[in-house]
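These notes concern the structure reproduced below.
Laboratory data are not the source of any read-out in this text; all were calculated from the coordinates shown. Everything numeric in this text was worked out from a predicted model, so none of it was measured. Cβ sites come from the backbone with ideal geometry, for glycine too, and all protein chains shown count toward neighbours.
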Amino acid sequence: MDIMNIIVCVLLFSGLFFLTGGAVGILRFPDFYSRLHPAGKLDTLGSLLAMTAFALFNLHHFSLGALLTSLKILLIVVFIFLASPTATHGIVDAGVRAGLAPWTKGEKRR
Amino acid sequence: MDKQEEEGLGRKHNTSKREISDQGPGRRKNFGPYVVTFFILFGVWVVLSGKFDPFHLSLGVISCAIVAYLSADLLRPSMRGLLILLVRWVPYLLWLMKEIFKANLHVTYLVFHPRMMDLIDPKIVKFRSKLEGDLALVTFANSITLTPGTITVNVSPDGDFKVHAIDKASGEPLPGEMEARIAKIFGESDG
């Protein structure tokens, strides 16, 4: 089970790394559209890795109940993968409809 | 993701079959979609409820049967649709995961780079896709959005894409390999 612990730790910390990257990216990128890149998508991979780690850790003491809980955790990932690109697209579309011009190289950051 | 796609595939397959059978005389009712919908719903019910006593299972059977009766016309899955899903979608999803991972690393590199403002060069990329089916276009648009560095801004029904790319390296590969793979899934590879 020690190998299992190592796998869970690696998955969890790489997930946290991507989630941190997403948060830092929102602060550092110059405008509305480019901020959505880290906000909408680094989160997707980050939560995939973190949720997989939770599901594996939950199977430590194997039982039917633990298996069902792990399946539910994986369902969260499925819904995030469906909802995240849709929400990102909706936000970008709202920006375009409101007439916000994208930041281009050389401008000041907004 | 899997569920929506399989429903879409099932519908595509079934409508073409129905068009054929509509022409023949005496079209008989097909119970396949009801059965498949019921078992998909019941699987989700068992996972979410986690109780195996007769009371909860019979509640599940009743409500799944009602929902399957109401919505099988809407979803129209079929056994062949599920097989197509396995054969064609699973390799594509694995490939997409690999692309997502590579592109995520790239965006993370940009985020933590000290001179990030010099590296990024946001641009709206416009191109025309060869894909024709609605479902193929939606799949393509969502795949573009899922791959970091690119967000689909707008798609017209004719296949005109507007994509916001964070830098040159992210925008250049479009439409490229992803479009070819989606065309293969939907059997549009020849045009």
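Numbers below:
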quantity: Ranked list, fewest to most other Cβ atoms within 10 Å of each Cβ, for B:Glu177, B:Glu132, B:Glu99; calculated: B:Glu177, B:Glu132, B:Glu99
quantity: 5 Å-binned pair-distance histogram of region A:2-97 (Cα, whole percent); calculated: 3, 14, 18, 19, 17, 12, 8, 5, 3, 1, 0
quantity: B:Lys123, B:Lys168 arranged by Cβ crowding within 10 Å, fewest neighbours leading; calculated: B:Lys168, B:Lys123
quantity: For B:Val125, residues with placed amide H under 5 Å, excluding near neighbours; calculated: B:Val163, B:His164, B:Ala165
quantity: Length-normalised contact order of chain A in % [C-alpha pairs under 8 Å, at least 6 apart]; calculated: 30 percent
quantity: Cross-link pairs beyond the 25 Å C-alpha cut-off, checked among A:Lys72/B:Lys51; B:Lys51/B:Lys98; A:Lys41/B:Lys162; A:Lys41/B:Lys51; B:Lys102/B:Lys126; B:Lys123/B:Lys184; calculated: B:Lys51/B:Lys98; A:Lys41/B:Lys51; B:Lys123/B:Lys184
quantity: Alpha carbon centroid spacing (whole Å) that separates region A:5-42 from region B:34-54; calculated: 35 Å
quantity: In nm, spacing of pseudo-spin labels at A:Ile7 and A:His61 (7 Å Cα→C-beta vector); calculated: 2.1 nm
quantity: Helix-derived mean residue ellipticity, 222 nm - over chain A, DSSP H n ≥ 4, -39500 (n - 2.57), to 500; calculated: -26000 deg cm²/dmol
quantity: Peptide-level mean, for B:139-148, of C-beta atoms on other protein chains within 10 Å; calculated: 4
